[in-house]
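Heads up, the thing below is written out as structure tokens.
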Amino acid sequence: MRLFEDFIPIPEELWSFETGAPLQRCAICDCDLLLQGTNYLIEKAFKGNEVIFEYAMCTKCCVLLSQELSVQSKKLIDHYFDEHGDLEQRRLSYLGQFGTNYSKWVDRCMVKGTPRSECGEFQVYAWCIDSDLVFTGMPYMLSGDCIDDLLGLLSEETLGVLSDFSDKVFGIDLPQGLLII
């Protein structure tokens, strides 16, 4: 049984740049994301057309990571997104305008409205269930300027958590100017 009616097979842009196939394992717990009914987040960062990083994370691990962020950082991030858009309203509007055309959903920064073609750096976020991309408030794209705004809201505690996450997943400290989550 499907809870969402608006979904498509995961677009190739969200596949692994290393393997050329859909991301299959959670970056934290290594569970199989393509098992039926498995919910997960995909995040990819780009500089021009080059992938800077990518990962997929199951719902359970997303929740656990979120619980490690400082209360202050979570409040500031929530406030930032509340002021700059309503994901449910965006979903309804975009489904009406673009249907399930993935490229239209990630063509502009969700917050700043900057066209993707004008962004030197940007990050794409998508919610998936097994082998499908689900059109919730995601997918969306955030410009480098938006990411800089968000990074400015994070406490030292949260930056430390994200740096630890980056080290565990990628084997490197969080690159300056990139936001992981």
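The values are calculated or read from the model by the stated rules, or taken from the named source; none is laboratory data. Remember, predicted model here, so these are calculated numbers, not experimental data. Reconstructed Cβ throughout: ideal geometry from the backbone, glycine too, with neighbour counts over all protein chains shown.
The lone criterion from (1) under 17 Å from the mean Cα position of the chain (by Cα); (2) surrounded by 15 or more Cβ atoms within 10 Å (Cβ to Cβ); (3) farther than 26 Å from Leu159 by Cα left unmet by Arg25 is number (3). Every condition in (1) over 30 Å from Gly160 (Cα atoms); (2) exposed (fewer than 13 other Cβ atoms within 10 Å of the Cβ) is met by Ile10 except one, and the failing one is (2).
Just one residue in the set Leu87, Leu95, Leu41, Leu65 is under 20 Å from Ile129 (Cα atoms), touching a helix residue (DSSP H, G or I) at 6+ places or on another chain (Cβ under 7 Å) and at pLDDT below 95; that residue is Leu65. Counted as qualifying within the stretch 70-181 are the helices (runs of 4 or more DSSP H) with 2 or more residues that are within 23 Å of Lys60 (Cα to Cα), namely 71-84, 87-98, 156-170.
Just so you know, in the stretch 51-90 the residues that are among the aromatic types (Phe, Trp, Tyr) and touching a strand residue (DSSP E or B) at 6+ places or on another chain (Cβ under 9 Å) include one that is surrounded by the fewest Cβ atoms within 10 Å (Cβ to Cβ), and it is Phe53.
Restricting the stretch 118-139 to residues that are within 14 Å of Phe46 (Cα to Cα) and surrounded by 21 or more Cβ atoms within 10 Å (Cβ to Cβ), the residue that is farthest from the chain's Cα centre (by Cα) is Cys119. Every condition in (1) out of contact with any Lys or Arg (no Cβ under 8 Å at 6 or more places or on another chain); (2) buried (at least 18 other Cβ atoms within 10 Å of the Cβ); (3) without any contact (Cβ under 8 Å) to a residue 40 or more places away in the chain holds for Arg108 except the one numbered (1). Filter the stretch 1-59 down to the residues that are assigned to a strand (DSSP E or B), free of Cβ contacts under 8 Å to residues at least 60 places away in the same chain and farther than 27 Å from Glu118 by Cα and list them by number. Result: Arg25, Asp32, Met57, Cys58. Residues that are touching a residue at least 60 places away in the same chain (Cβ under 8 Å) and either of a type in the set (D, E, K, R) or touching a helix residue (DSSP H, G or I) at 6+ places or on another chain (Cβ under 9 Å) (or both) within the stretch 111-137 comprise Gly120, Glu121, Phe122, Gln123, Val124, Ala126, Cys128, Asp130, Asp132, Leu133, Phe135, Thr136, listed in sequence order.
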